[in-house]
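Here the structure is laid out as structure tokens; the discussion comes afterwards.
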Ligand code: PGA
């Protein structure tokens, strides 16, 4: 099965009417993609977009977060069972914005990963270093540690359902992209780390996305790298043309 995936992360953008127009526009422009296409949409648009993607092969819907408890007195939060009940396929977890603005760490993210899997959905686990860490040459060590803490207590079966997104924080929303070589080098490191823990077969089947200012102009070179299986796309996922073009590069 192909590892290729292009996932959009709409973040806190789009009104429901705009989201509907965006998703419908992309679906009609791309029609039968050969990679998986995922829309990571705001909570309130999940019912609408889940209904839409369920009718179109190759298209999936992701939530951008979940709470880690089953249910209870957590005012304003959304439980994993609620997402699953809507037909959500993937949940983006550990995005750097959640780590930075909401204080999430890998111990917490590990509990969210567990819950997402328990409810039959697939995590898109985000990891990545900030600029000073890269400048100090400690990026592999940091990303390795993030992945170990958040994911390596999973069974082989559970780990096989995880999608990893390497997103160097210095490239997110900045217009600065990692070079294809930088991305490939980190992705190869991550795949080797997975192989050491779970074996070659699982490592070879794991989807590892790159994220951070991916756009039509740089997507092809990034996705051409042997260990870069697609992208988690923020800004460029908010326009029909740019997101469709990125999907076309992956196809
Ligand atoms: P960007 O965001 O493509 O706008 O850099 C990527 C992300 O945050 O997932």
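The values are calculated or read from the model by the stated rules, or taken from the named source; none is laboratory data. Computed from a prediction, not measured in an experiment: that's the story for all the values here. Cβ placement follows ideal geometry from the backbone for every residue including glycine, while neighbour counts extend to all protein chains displayed.
Filtering 142, 209 for residues that are within 16 Å of the ligand (Cβ to nearest atom) and modelled with pLDDT of 95 or more leaves a single hit, 209.
In segment 157-180, the count of residues that are under 13 Å from the mean Cα position of the chain (by Cα), under 19 Å from residue 40 (Cα atoms) and away from the ligand (no atom under 16 Å from the Cβ) is one or more. Can you tell me which residue is surrounded by the most Cβ atoms within 10 Å (Cβ to Cβ) among those in segment 209-251 that are within 13 Å of the chain's Cα centre (by Cα) and within 18 Å of residue 63 (Cα to Cα)? This residue is 231. In a residue-by-residue description of segment 67-82, the property of being touching a strand residue (DSSP E or B) at 6+ places or on another chain (Cβ under 7 Å) and farther than 20 Å from residue 170 by Cβ applies to no position. Of all the residues in segment 1-23, those that are within 16 Å of the ligand (Cβ to nearest atom) and either over 17 Å from residue 91 (Cβ atoms) or crowded, with 17+ Cβ neighbours inside 10 Å (or both) number 10. Entry remark, segment 140-162: residues being outside any loop (DSSP other than H, G, I, E, B) and within 15 Å of residue 94 (Cα to Cα) number 10 in total. Just one of the numbered conditions (1) more than 23 Å from residue 222 (Cα to Cα); (2) within 16 Å of the ligand (Cβ to nearest atom); (3) in contact (Cβ under 8 Å) with a residue 40 or more places away in the chain is not true of residue 42: (3). Regarding segment 99-106, can at least one residue be identified that is away from the ligand (no atom under 16 Å from the Cβ), over 22 Å from residue 215 (Cα atoms), modelled with pLDDT of 95 or more and in contact with a strand residue (DSSP E or B) (Cβ under 7 Å, 6 or more places away or on another chain)? Among the residues of segment 99-106, not one is away from the ligand (no atom under 16 Å from the Cβ), over 22 Å from residue 215 (Cα atoms), modelled with pLDDT of 95 or more and in contact with a strand residue (DSSP E or B) (Cβ under 7 Å, 6 or more places away or on another chain), which makes the answer no.
Within segment 108-127, is even one residue within 16 Å of the ligand (Cβ to nearest atom), within 16 Å of the chain's Cα centre (by Cα) and either more than 19 Å from residue 171 (Cα to Cα) or in a loop (DSSP other than H, G, I, E, B) (or both)? Within segment 108-127, one or more residues are within 16 Å of the ligand (Cβ to nearest atom), within 16 Å of the chain's Cα centre (by Cα) and either more than 19 Å from residue 171 (Cα to Cα) or in a loop (DSSP other than H, G, I, E, B) (or both).
In segment 163-186, of all residues being assigned to a loop (DSSP other than H, G, I, E, B) and in contact (Cβ under 8 Å) with a residue 60 or more places away in the chain, the one that is nearest to residue 106 (Cα to Cα) corresponds to 167. Annotation: of all residues in segment 212-223 being more than 11 Å from the ligand (Cβ to nearest atom) and touching a helix residue (DSSP H, G or I) at 6+ places or on another chain (Cβ under 7 Å), the one that is farthest from residue 185 (Cα to Cα) is 216.
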